[in-house]
Each structure stands twice: as structure tokens, then as C-alpha cells.
Amino acid sequence: MERIETPLAGSFIIRPRVFEDERGIFCETFKDDKFKEFSGIDRPFVQDNQSASTYGVLRGLHFQRGEMSQSKLVRAVVGEVLDVIVDIRRDSPTFGQSFSVRLSDKNHLQLYVPRGFAHGFVTLSPRSVFAYKCDNYYDKSSEGGIIYNDPELALDWELDASELIISEKDLLLPKFQDASL
């Protein structure tokens, strides 16, 4: 495994070793003891989530507040997504900054998203299956979000706005400066 630092404090990319032959590929996507040694993070993942989307589906930017905040380890199992994170930790040196990376079933990259980050992704392939491990349980009363097209954040989703498919709920999210972080 290779750890690749991102410009945002606490977030990193994991590139697993991939073994490929005429039958296909094999890679270890998660092993608790290796993850702890590799990352220095000793907090168990307690919930796995998975979503399937078609081209242009944008999910996010979402987060959970307070005690229910979640760290996530995310990856694209099928297809390709552009994964976007925003540091919303007011005491962080990278507060308000964003980072994006393409995750796919071809590059096998995973992104570690620390607690205190807003997270979203858009599907760039005809179909995607997206998986994420969470270190805390989902709690509806703790959820929050930021509108995907906030001009202050100026995020590049790599698709034209006319190609995006966004839920009504996500279209009603507040701007970064108005979000209850």
C-alpha cells in the first residue's frame, strides 16, 4: 500500500497493491491492522454504505456534526467518480479548502475523509457503485450540507451544470458561509 498525502490536513489517498493476470485483478481493500499501522488512526469503522448512480448524479456535499461526525474511507467499486471534500473544521489550517480526486475501478484508489469534512461525488462513467466505510453511525439529527455550486468554494465538478442530476434535498442545501458547521 502507498499513502499519498493530499493538501488538506488529515486527508490522504491510499493506493493498494493490485495483482493482475489473465483472470483479472485482486487487491486487498481493507485490513484493520494494516490500516491502523499505515494511517496511525485507531478508530474502528462501524458502518459500511454503498450507492449506485448513473452518469451525472451528484451526491453532496454532506457531513455530520458534533459527536456524530464521521470519518470515511471511500472508493469506487464500479465505474468512475470525482470525489470532492471540503475541510469544515474551523480550527484547521486548511479550513474552507477543497480537494478532489478521481476514484475508479481502474485506479483502485481510496480516499480517507477525516471527521469535520463535507463530502460529495459525481459519477463520470455511465454507472458507478460507490462504497464507504464510516467510523460512526449515521444520525439524521446531526446531518448537514453545503450546496454543490457555492461560488465561495468554486468547486469544479468536471461536468456541465446541464449534465448534473441532483436530488431536491441537495439543491436546497445552504452556502458554505450559511451552513451550520
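Put simply, of Ser69, Ser128, Ser100, Ser104 the only residue that is within 19 Å of Ser180 (Cβ to Cβ) and either charged (D, E, K, R) or touching a residue at least 24 places away in the same chain (Cβ under 8 Å) (or both) is Ser69.
If you check Phe63 against the conditions, is it among the aromatic types (Phe, Trp, Tyr) and touching a residue at least 24 places away in the same chain (Cβ under 8 Å)? Answer is yes for this residue.
Looking only at the range 139-151, which residues are in a loop (DSSP other than H, G, I, E, B) and loosely packed, with under 12 Cβ neighbours inside 10 Å?
Here is the first cut: in the range 139-151, the residues in a loop (DSSP other than H, G, I, E, B) are 139, 146-151.
The one that is in a loop (DSSP other than H, G, I, E, B) and loosely packed, with under 12 Cβ neighbours inside 10 Å: Pro151.
Those residues that are over 25 Å from Arg90 (Cβ atoms) and touching a helix residue (DSSP H, G or I) at 6+ places or on another chain (Cβ under 6 Å), I need them from the range 53-78; list them, please. Of everything in the range 53-78, just one residue is over 25 Å from Arg90 (Cβ atoms) and touching a helix residue (DSSP H, G or I) at 6+ places or on another chain (Cβ under 6 Å), namely Gly56. Looking only at residues in the range 153-181 that are assigned to a loop (DSSP other than H, G, I, E, B) and at pLDDT below 95, the one that is nearest to Gly116 (Cα to Cα) is Leu181.
Taking the stated definitions as given, is Tyr132 buried (at least 19 other Cβ atoms within 10 Å of the Cβ), out of contact with any Phe, Trp or Tyr (no Cβ under 8 Å at 6 or more places or on another chain) and closer than 29 Å to Phe35 by Cβ? Considered against the rule, which asks whether it is buried (at least 19 other Cβ atoms within 10 Å of the Cβ), out of contact with any Phe, Trp or Tyr (no Cβ under 8 Å at 6 or more places or on another chain) and closer than 29 Å to Phe35 by Cβ, Tyr132 comes out as yes. Is at least one residue of the range 79-93 touching a Leu at 6+ places or on another chain (Cβ under 9 Å), of a type in the set (S, T, N, Q) and closer than 26 Å to Met1 by Cβ? Yes, the conditions are met somewhere in the range 79-93.
Of all residues in the range 135-144, count the ones that are in contact with a strand residue (DSSP E or B) (Cβ under 8 Å, 6 or more places away or on another chain) and either more than 20 Å from Leu58 (Cβ to Cβ) or acidic (Asp, Glu) (or both).
Summing the residues that are in contact with a strand residue (DSSP E or B) (Cβ under 8 Å, 6 or more places away or on another chain) and either more than 20 Å from Leu58 (Cβ to Cβ) or acidic (Asp, Glu) (or both) in the range 135-144 gives 6.
The values are calculated or read from the model by the stated rules, or taken from the named source; none is laboratory data. What you are looking at is a predicted structure, and each value in this text was computed from that prediction instead of being measured. Here the Cβ is made from the backbone with ideal geometry for all residues, glycine too, and neighbour counts use every protein chain on show.
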